[in-house]
Amino acid sequence: MPFTVDYRDGDVLAWTLTDDGARAEVVADYSPELFVTREGGPVAACREAVERLPSVVTTSTERRRRGWRSDPEDVLRVAVDDVDRLRPVAAHVRDRGEPGEYRCYDVDLTRGFRYCLDQGRSPEPAREPRPLAIDVPEPALGDESLDSLSVDGEDYTGDPGDLVARVATAIERADPDVLVCNSGEVVPTLAETATETGVDLQLGRRPGWQRLAGASTYESYGQVHHSPARYTVPGRAVVDRSNTFFYRQAGLDGCLDLVARSWKPLQELAWASIGNVLTAIQIREARARGVLVPWNSYRHEFFKSASRLHDADRGGHTLSPAVGVHEDVHELDFGSLYPNIICTRNISPETVRCDCHDRADVPGLGYSVCDEPGYLPDVLGPLVSARAEMKDQRAAVTDPDRRDALDRKVEALKWILVACFGYQGFSNAKFGRIECHEAINAVAREILLDAKETFERGGWRVVHGIVDSLWVTAAPDVPDDERRPLEDLAAEVSAAAEIPLEYEATYDWLAFVPRRDGAGGALTKYFGAVADDEGYKYRGIECRQDSTPPFVADAQRDLIRVFDESHDPAAICARLAHHLDRLRSGAVDPADLAIETHTSKAADAYDQRTRTVAALERASDRGLERRPGQAVRYVVVDDGRGSRERVRLASEDPGEYDESFYADLLVRAAESVVSPLGWDRSDLRDRLADRTDAVLASFR
């Protein structure tokens, strides 16, 4: 079982974990393959010409299927001598003949994943991998020399040679299988520092390191993102915490569970997106069924009338929240709603709007859904079942370590299942189709509205609903003896939807925050006290926003604690004054006031001289390149200045801050807390004005 796969000097090194370390198997004769089909003629007609290409090793004709419902046909299998030559060969073949005459498949699979698929070998490790965390301060990743670092949570300072020697010693003693770094740039930084200082440092199980991909910027759903450069060392997986979704969300246990299901080696899975991992699971299913994996998605959208397009182009249903504070609120969620809709309704790209049925199976849209089983339910069904089984095991487990491991695995599967429906509408999805996405949403909307009606008939008031979740409380005008038990109604809804409606939580009170413009409730902003003294739940408010400084987030949570004790906006305001006093007196550590924001463009591309621009300019001065999509952390020290002097980078250890600026952020966070009680910023201002130590300048 190759835990990690290295491509070196034309050979493949497949590393397998052993009891005492790892063993490398050299595979000298591995030839990666792609497949070719032809429109309007036999594909074998181009075989001779393809064989003459310099990188082609062998060709043969095989029987494969272009799609899930296609019949097997003759395709050309093309084996090449190097994985890096697959795309050039595919591009040459695709450009032959008329446009679209030749199509290539299995072209753009990642290296390790391709090897595991071709060899039929799972990358699931034979034992638990040993991680070692190495963190290098941000300035050292720029122009400044290495003067400190952290190894497995232990902080060290000193000259560069001594620090690199500490890393070398730690690696030699621990013999880790996974290097967990705060940035991929840690690999070249340490390697280059070792060379400069003459220290013998071997990050991998063999000498050397490689850059797999350079940094890039891309746009997705209207947001600019940055993909940092990726590095690898022989025999070990490198996990870059700045470029990993699954490791942050689900830890090593969750990642390894997905490794076993997707066959993507750990390092590739760590940097992969949710859609990338879902696609890998689909590709495994395609391979098992003899279905080719398209290089580019070219599944056309069906024709729709304007009225049908209007009906179809909608997301999940959201009910407007009842602004204010509600007592004894119950939250119920449909378990894996979208995946279960796919499985119970047989929704799949090849089943929606099929040619063999003419009926209205999808509510509101009139789409037919074929009776023949679709591939997508077959892919997702085991994931839905596995997650449900893990949740049952977690409820019965008493060992905290085992419970935490199950939590992480459940979390990893959750993200795959959450994204599965949206990915069907993604233009670059290998096997997606927009009509599949539309059908799932249409069924989900119907299920939520039906559930709402059922609870209201049973004597309950629905105070909010978001896609797959409902918040209900006892309807005040219904006598207790006429109100149906919540459990009975949930069972009725579950049976009708064929999807379990599960109890999520009970709240002693739940507060829905109004929009700042006063026009109704903010759809995703609420907070409340979970019953049985299990703490508080926060959604959408400042303490859950990544850009909120830690001091402001902590203060808002403290204000919510006062809210819980008193439900009195005056008491909350008095506590707010305490935090404002701390700000004004300079008692707050500037490190707790750092703001993190993601840039959307280069510093010289902004029209306004914003704080972000000031931070980007300061980063550039220190050799810290910040590309669009990357994050920058800074502290505002004098917001009245129009230059880069208005901020300091968090890594510069600023010793001061702009009290007025942060007071404004704090009051804004306080407004979110008191607004469900009917107060707004003007009420806070009036109340604070009665105090002699009020910070009136914070109100703008």
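The values are calculated or read from the model by the stated rules, or taken from the named source; none is laboratory data. In this text, all values refer to a predicted model and were calculated from it rather than measured experimentally. Every residue, glycine among them, receives a Cβ derived from its backbone with ideal geometry; neighbour counts consider all protein chains shown.
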How many residues, within the range 419-436, are surrounded by 20 or more Cβ atoms within 10 Å (Cβ to Cβ) and either of a type in the set (S, T, N, Q) or more than 26 Å from ALA490 (Cβ to Cβ) (or both)? 10
What number of residues within the range 274-307 satisfy the criterion of being aliphatic (A, V, I, L, M), closer than 20 Å to GLY100 by Cβ and under 26 Å from the mean Cα position of the chain (by Cα)? 1
Restricting attention to the range 424-435, the residues that are under 22 Å from the mean Cα position of the chain (by Cα) and part of a helix (DSSP H, G or I) number exactly 1
Quick check on the range 531-539. Is at least one of its residues of a type in the set (A, V, I, L, M, F, W, C) and either in contact with a His (Cβ under 8 Å, 6 or more places away or on another chain) or part of a strand (DSSP E or B) (or both)? no
Go through the range 131-165 and report how many residues are farther than 23 Å from ALA650 by Cβ, hydrophobic (A, V, I, L, M, F, W, C) and outside any strand (DSSP E or B). 2
Complete set of residues in the range 502-530 that are within 21 Å of PHE455 (Cα to Cα) and under 30 Å from the mean Cα position of the chain (by Cα): GLU502, TYR503, GLU504, ALA505, THR506, TYR507, LEU510, ALA511, PHE512, LEU523
Restricting the range 610-629 to residues that are touching a helix residue (DSSP H, G or I) at 6+ places or on another chain (Cβ under 9 Å) and assigned to a loop (DSSP other than H, G, I, E, B), the residue that is nearest to ASP653 (Cα to Cα): ARG622
Report, by residue number, each residue of the range 14-32 that is under 17 Å from GLN119 (Cα atoms) and under 31 Å from the mean Cα position of the chain (by Cα). ALA14, TRP15, THR16, PRO32
Answer yes if at least one residue in the range 651-666 is under 21 Å from HIS226 (Cβ atoms) and not assigned by TED's automatic domain parsing to the domain that holds ALA522, and no otherwise. yes
Looking at PRO400, PRO373, PRO349, which one is surrounded by fewer than 16 Cβ atoms within 10 Å (Cβ to Cβ), of a type outside the set (D, E, K, R) and either touching a helix residue (DSSP H, G or I) at 6+ places or on another chain (Cβ under 6 Å) or without any contact (Cβ under 8 Å) to a residue 12 or more places away in the chain (or both)? PRO400
Looking only at the range 551-600, how many residues end up being charged (D, E, K, R) and closer than 23 Å to ALA689 by Cβ? 6
Looking at the range 601-608, is at least one residue surrounded by 14 or more Cβ atoms within 10 Å (Cβ to Cβ) and either at pLDDT 90 or above or among the small types (Gly, Ala, Ser) (or both)? yes
Which fully enclosed strands (runs of 3 or more DSSP E) of the range 29-130 have 2 or more residues being of a type outside the set (Gly, Ala, Ser) and touching a Gly at 6+ places or on another chain (Cβ under 8 Å)? 56-64
For ILE416, indicate whether it is in a helix (DSSP H, G or I), of a type in the set (Val, Ile, Thr) and either surrounded by fewer than 16 Cβ atoms within 10 Å (Cβ to Cβ) or in contact with a Phe, Trp or Tyr (Cβ under 7 Å, 6 or more places away or on another chain) (or both). no
What are the residues in the range 235-271 that are among the aliphatic types (A, V, I, L, M) and free of Cβ contacts under 8 Å to residues at least 40 places away in the same chain, if any? LEU269, ALA270
Tell me which helices (runs of 4 or more DSSP H) are completely within the range 293-406 and hold 3 or more residues being of a type in the set (Val, Ile, Thr) and farther than 17 Å from GLY422 by Cβ, or say none if there are none. none
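Matching residues to (1) within 26 Å of LYS601 (Cα to Cα); (2) among the aliphatic types (A, V, I, L, M); (3) assigned by TED's automatic domain parsing to the domain that holds ALA229; (4) buried (at least 23 other Cβ atoms within 10 Å of the Cβ):
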| residue | (1), (2), (3), (4) |
| --- | --- |
| ARG626 | yes, no, no, no |
| VAL637 | yes, yes, no, no |
| GLY642 | yes, no, no, no |
| ARG668 | no, no, no, no |
| SER675 | no, no, no, yes |
Do the conditions hold for TYR115, that is, is it among the aromatic types (Phe, Trp, Tyr), surrounded by fewer than 17 Cβ atoms within 10 Å (Cβ to Cβ) and either under 18 Å from PHE35 (Cβ atoms) or free of Cβ contacts under 8 Å to residues at least 24 places away in the same chain (or both)? no
VAL180 buried (at least 19 other Cβ atoms within 10 Å of the Cβ), of a type in the set (A, V, I, L, M, F, W, C), within 30 Å of THR16 (Cβ to Cβ) and modelled with pLDDT of 95 or more: yes
Counting only residues that are outside any helix (DSSP H, G or I) and in contact with a helix residue (DSSP H, G or I) (Cβ under 6 Å, 6 or more places away or on another chain), the range 543-562 contains a total of 2
From the list ARG230, ARG211, which one is in contact with a helix residue (DSSP H, G or I) (Cβ under 9 Å, 6 or more places away or on another chain), farther than 30 Å from PRO382 by Cα and surrounded by fewer than 16 Cβ atoms within 10 Å (Cβ to Cβ)? ARG211
Tell me, which strands (runs of 3 or more DSSP E) lie completely within the range 216-270 with 1 or more residues that are among the aliphatic types (A, V, I, L, M) and over 23 Å from ALA14 (Cβ atoms)? 223-227
Taking ASP74 as the residue in question, decide whether it is surrounded by 12 or more Cβ atoms within 10 Å (Cβ to Cβ), in contact (Cβ under 8 Å) with a residue 12 or more places away in the chain and acidic (Asp, Glu). yes
Identify the single condition in (1) over 35 Å from the mean Cα position of the chain (by Cα); (2) free of Cβ contacts under 8 Å to residues at least 12 places away in the same chain that SER55 does not satisfy, given that it satisfies every other one. (2)
Can we say PRO569 is in contact (Cβ under 8 Å) with a residue 24 or more places away in the chain and either under 31 Å from the mean Cα position of the chain (by Cα) or farther than 23 Å from ASP664 by Cβ (or both)? no
